[in-house]
Amino acid sequence: MKLQVNSMEELPLAAKKILDESNSEKIFVFKGEMGSGKTTLIKELCLQIGVISAMSSPTFSLINEYETNSGEVVYHFDFYRLEDEQEAFDYGYEDYFFSGNYCFIEWPEKIPNLIPDNYLLIEIEMNLQIREMQVTSV
């Protein structure tokens, strides 16, 4: 599936389409350059699944936990600052990834051997000339 998002107003519909096509997958892996819109898309996905907690980038905390209106927990990871995969072990990544809850993972390139076998890959390309976001999931 390939989606083109030309404005922030189109983002909710794109997030809904991604969730509709996810086949109940709860592990989402996001790839894209710095500033491409990964966190922005994750925030919209969180809104679509009913997150009521304040959302922010976990760049410095590594993991943010959000609560939904049904009491479920959503995990948002940003592995950009990791030096090696051992740091993810130290944070207990397995408890999160195998919890059955939604896990939105930014910078999976930092932990290639730790990503579960089943996940939804979201690749974001930014076209700066016309300010569009292209989301491709595999």
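The figures follow:
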read-out: Leading residue by the ranking (farthest from the chain's Cα centre (by Cα)) among those in the stretch 20-41 that are modelled with pLDDT under 95 and among the aliphatic types (A, V, I, L, M); value: MET34
read-out: Every residue from the stretch 93-121 that is out of contact with any strand residue (DSSP E or B) (no Cβ under 9 Å at 6 or more places or on another chain) and more than 17 Å from ASN64 (Cβ to Cβ); value: GLU94, PHE98, GLY100, PRO112, ASN113, LEU114, ASP117
read-out: Of all residues making up the stretch 66-78, the number that are touching a strand residue (DSSP E or B) at 6+ places or on another chain (Cβ under 7 Å) and surrounded by 14 or more Cβ atoms within 10 Å (Cβ to Cβ); value: 8
read-out: Hits in the stretch 66-115 (condition: of a type in the set (D, E, K, R) and in contact with a helix residue (DSSP H, G or I) (Cβ under 6 Å, 6 or more places away or on another chain)); value: GLU106
read-out: Hits in the stretch 9-30 (condition: in contact with a Ser or Thr (Cβ under 9 Å, 6 or more places away or on another chain), surrounded by 13 or more Cβ atoms within 10 Å (Cβ to Cβ) and either part of a helix (DSSP H, G or I) or of a type in the set (S, T, N, Q) (or both)); value: LEU11, ILE18, SER22
read-out: Strands (runs of 3 or more DSSP E) (entirely within the stretch 60-130) containing at least 1 residues that are within 11 Å of the chain's Cα centre (by Cα); value: 73-78, 103-106, 120-127
read-out: Residue ID - farthest from GLU83 (Cα to Cα), chosen from residues in the stretch 103-119 that are surrounded by fewer than 19 Cβ atoms within 10 Å (Cβ to Cβ) and among the hydrophobic types (A, V, I, L, M, F, W, C); value: ILE115
read-out: Top-ranked residue in the stretch 42-81 [being among the hydroxyl-bearing types (Ser, Thr, Tyr) and at pLDDT 95 or above; ranked as farthest from PRO112 (Cα to Cα)]; value: SER70
read-out: Set PHE89, PHE97: member being touching a residue at least 60 places away in the same chain (Cβ under 8 Å) and of a type in the set (A, V, I, L, M, F, W, C); value: PHE97
read-out: Counted residues, the stretch 31-48 - those being surrounded by fewer than 17 Cβ atoms within 10 Å (Cβ to Cβ) and touching a strand residue (DSSP E or B) at 6+ places or on another chain (Cβ under 6 Å); value: 0
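The values are calculated or read from the model by the stated rules, or taken from the named source; none is laboratory data. Please read all numbers here as calculations on a predicted model, not as lab measurements. Reconstructed Cβ throughout: ideal geometry from the backbone, glycine too, with neighbour counts over all protein chains shown.
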